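Following: one structure in structure tokens, then a few remarks.
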Amino acid sequence: MADNATNPTPQSNVTPLGGESKLTDEQKRAELRARIEAGNKRLEERTLADQAKDAAGTAVDFAKKHPLATVAGGVVLGLAIGAMTRPGRRVGRRGGQMASAASHSLAAYALSMLDGARDATRTAGDKLRDLGDTTATTARDTGRGAGRHLDAIADALRAGTRTATRNSERASRNVKRGLGY
């Protein structure tokens, strides 16, 4: 086991709250003032270089977490600075004119695409209508043909029934005559 004198346990710099503390309120206030003064002293001792390193580290972390926001912010900042200079304002006017022409071209292209889609929809509707008409006509013709076939079958069955009835009546008469009835 290590000796406590050579290996002291670290002390917490948080004073327990409530009845667990053996310090009086005045002693607690004095200890808190001392901690505040020590923190202020540490802040004063930090150099400008340390603060710059911390700020750069924070900026790098933000850029890694939010790359699109970083790029967008850079573009906006560049445009704002460029708009403050005379050459930047001239480029902005030309850029505005080019953006206007591009937007008009894009709108014309979108309208032509919509017209093409509308024409394709109409053509597809016409083809579907034609297909429906053809299907209905074929179904009607098939139904009529099937009806004709069914009528012919029914007629043949009726004729067969009549013939079978006549033949059975003749056979019955012949049997009766043969038996002497």
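We did not get these values from a lab; they are worked out from the coordinates using the rules stated. In this text, all values refer to a predicted model and were calculated from it rather than measured experimentally. Neighbour counts are summed over all protein chains in view; Cβ atoms, including those assigned to glycine, are modelled from backbone coordinates with ideal geometry.
Data overview
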quantity: Cα centre as origin, Lys/Arg/Asp/Glu Cβ charges: segment 33-181 dipole, Debye; calculated: 660
quantity: Cβ-derived FRET efficiency at R0 30 Å, LEU48 paired with MET98, nearest 0.05; calculated: 0.10
quantity: Highest-fluctuation residue, THR142, THR58, THR121 considered, GNM on the chain with Cα pairs under 10 Å; calculated: THR142
quantity: Fluctuation leader among LYS22, LYS64, LYS41 - the chain, Gaussian network, Cα springs under 10 angstrom; calculated: LYS22
quantity: Distance from segment 40-96 to segment 141-157 (C-alpha centre basis), Å; calculated: 89
quantity: Residue-count net charge about LYS53 - beta-carbon cut-off 14 Å; Lys, Arg +1, Asp, Glu -1; calculated: -2
quantity: Most mobile listed residue (LEU106, LEU114, LEU23) in the chain, GNM with C-alpha springs under 10 Å; calculated: LEU23
quantity: Around ASP126: net Lys/Arg minus Asp/Glu count, Cβ-Cβ under 14 Å; calculated: +1
quantity: Pairs of Cα atoms farther than 19 Å apart, the chain, %; calculated: 86
quantity: At least 20 Å along the helix axis (C-alpha) and Kyte average at least 0.0, DSSP helices within the chain; calculated: 67-83
quantity: Signed unit charges on C-beta, dipole axis of the chain, positive-most listed residue TYR109, LEU43, SER168; calculated: SER168
